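Here the structure is laid out as structure tokens; the discussion comes afterwards.
Here, each number is a calculation from the coordinates, and none is a lab measurement. All figures in this text were calculated on a predicted structure; none of them were measured in a lab. Ideal geometry is used to build each Cβ from the backbone, glycine not excepted, and the neighbour counts take in all protein chains shown.
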Amino acid sequence: MTIKNKPSITVISPTKDDVITPGSDVEIKWATKNIPDTYKVPVAIRRIPPPPLQEEGQEFDPVIFTNLENSGVANWTVSNMYPAGNYVLTLNAYESLPITDPVSKESDIFKIAEMTIGGQKDEGGCLIGAGYSWCEAKQICIRSFEKYCTKATPKAFVFKCDDSKSINATFYPTDDKFVDLVLSGEDEMRISLPRAISASGARYAKADESIVFWNKGDTAFVTEGTPAEETYSNCVLK
């Protein structure tokens, strides 16, 4: 029996057999039905490993976008962290955080092509010269200074700050040793910071204290430099 007014999301692109080159810009397109425009749309990626590995259910580091507007389109600059192979995107639609009863849909299977940049690679096929190494836990090439290598399930949040700045923070509650940050700006900074000693709230910092991320409840801020200067202020969970 068909349920009238049932909410749904359809992934328009990428499409079947698309071949995507690392470093290229790709439009992710989707359409929703009976879902308000005010809903948010996160996007995740999953690799489909080649035989003889398991064909389904192997998760990559999932986060591509955490909190998109339900506009039907997003520009994705494809990272060179992904080994060549078959992938799908998963789009969800949800009303607010914490996420409950999201509407989900996977894209068609598409391919990410082999990197054309030269250079020595490690055993996992990761480009050493670009700072990548194979993360067995995530089954992905990562830069350890940008992303924490762990099997723990990530939880991503967006903090809106003064001066139209934002912080995308990915926590790992069951393995809370690092936080992965994306700091908005002209030269968008990606950095993974280890947990540090704090008298109150959560504190993550580089060893030299040149970048520190503070989080307490729904608030956060970032300091940079020596002496420390607050560069992301009055940040509140979106």
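A straight chain from Lys33 to Glu209 at 0.36 nm per residue would run longer than the Cα-Cα distance by 58.6 nm. This model, with +1 at the C-beta of Lys and Arg and -1 at the C-beta of Asp and Glu, gives segment 148-237 a dipole about its Cα centre of some 500 debye. Of the residues Leu237, Thr90, Ile35, the one whose Cα sits farthest towards the positive end of the charge dipole of the chain is Ile35 (charges of +1 on Lys and Arg Cβ, -1 on Asp and Glu Cβ, taken about the Cα centre).
Entry note: segment 8-116 has Rg to Rh equal to 0.97, where both radii use alpha-carbon atoms and Rh is the Kirkwood radius. Charging the Cβ of each Asp and Glu at -1 and of each Lys and Arg at +1, and nothing else, the dipole of the chain about its Cα centre rounds to 640 debye.
In this structure, the pairs whose alpha-carbon distance is over 18 Å, taken from Lys138/Lys177; Lys6/Lys105; Lys105/Lys238; Lys160/Lys216, are Lys105/Lys238.
With Cα atoms defining each centre, segment 185-207 and segment 24-42 are spaced 31 Å apart in the structure. Counted over all Cα-Cα pairs of the chain, pairs farther apart than 22 Å make up 58 percent. Straightening the chain between Lys105 and Thr21 buys 27.9 nm, computed as 0.36 nm per residue apart minus the Cα-Cα spacing. In the frame of its principal axes, segment 148-237 has Cα extents of 34, 26, 24 Å, reported largest first. Measuring from a point 7 Å past the Cα of Asp162 along Cα-to-C-beta, which residues in segment 201-228 have an amide N at less than 16 Å? Backbone N within reach: 214, 219-224, 228.
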